[in-house]
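Enquirer: The structure under discussion is supplied below as C-alpha cells; questions concerning it will follow.
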Amino acid sequence: MSEIEKTLTETDELKKKGRKPKTTNYFAEVEENAVREFLTATTMDEKNRIYNNFLKEPLDKMISSIIRRYKLYRKDMNFEEIHVDTHSFLMTKIDKFKPAKEKKAYSYFGTICKNYLMGQIMKDQKETNRKISYEDISSDLQHSPDMIYHIDDDSLTTEEKIKKFLIKLKSSMGDKSITEQETRLGHALYEIFENYNDIFLDTNNNKFNKNLILFELREMTNLSTKEIRTSIKKYKKLYFQLVQELLK
C-alpha cells in the first residue's frame, strides 16, 4: 500500500468517526504526493477520490490567496466566477506537471494560476480597447495570411534560440566568478525558459511579457528589481553572444 493510499484510508476512517484529519499546511508533503498519485492513477474513480480528498480544498485555498494577495480581479466577474474559472483552467494543465524535474507542484500550480489571471486581465483590457477603437483596426491586417505566416516562423526561431540559450545558461552557472545573486537569478531564468511554453501565455504584448517575467523573477529569487537588473547583465551578454553566433 502506497503512502497516499494509507493516508486515504486514515482520512476515510476519520470521516466515518466525524473527525477531520489534522493539517498544518494546506499544501504540504501529503498534497505533493497526492499530485503524483493523481498523475499516475489509471482510473477516473481513483483520480476523483484523490482529487476530492486531497487536492480540491488546498487548490481552492491557493487560488483564493493568489487572487486576493495580488489583487487579480477581472472586470464584470465576481470573486466566485474568477475562482471557478481559474480552478477549471488549472485542471487542464495539471497533467503537464513533471515530477521527474524534482520541482514542487505547489510552485508550478501557483505560477500557472498567476500567469493565467494576469493574461486574462490583459485580454479583457485588450478587448475593451478593441471595442473602443474598433473602426481604427484593419480587419485585413488582422487576417492577413502573410502576417500569420511570419508569426509562426518567428515562434519556431524563438524556440530554437531558447534551447541553445539554456545550454549556455547552464554552462555559465559553473563559472567560479559568478556571484550568489547571479546564481539565484540564473536558476530562475533557466526554470522560466525551460517551461515557457507551459506557463506563459501568448499575449503579443512586449510590455506585458516584460512585466510578467520581472514579476516571476522577483517571486522566485527574492531579489529586488534593482538587484535583478544588475545581475541580469551577465545573462544579457550571454544572449547577445548567442545571437551573434547564430547570425554567422
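Just so it is clear, none of the values below were taken in a lab; they were calculated from the coordinates. Computed from a predicted structure; not experimentally measured. Cβ: placed from backbone, ideal geometry, glycine included. Neighbour counts: every protein chain shown.
Enquirer: Please give the Cα centre distance for the range 32-53 versus the range 56-71, rounded to the nearest Å.
Expert: 21
Enquirer: PRE reach from residue 75 (point 7 Å along Cα→Cβ): which of the range 89-126 fall under 17 Å by backbone N?
Expert: Inside the label zone: 117-126.
Enquirer: Stretch residue 28-residue 44 to full length: gain in nm at 0.36 nm per residue minus the Cα-Cα span?
Expert: Extending this stretch completely gives an extra 3.4 nm.
Enquirer: Assuming R0 = 25 Å, can you tell me the calculated FRET efficiency for the pair residue 160 and residue 183, based on Cβ-Cβ distance, to the nearest 0.05?
Expert: 0.45
Enquirer: Let me ask something additional. Report the Cα-based extents of the range 57-106 along its three principal axes, largest first, to the nearest Å.
Expert: 39, 20, 18
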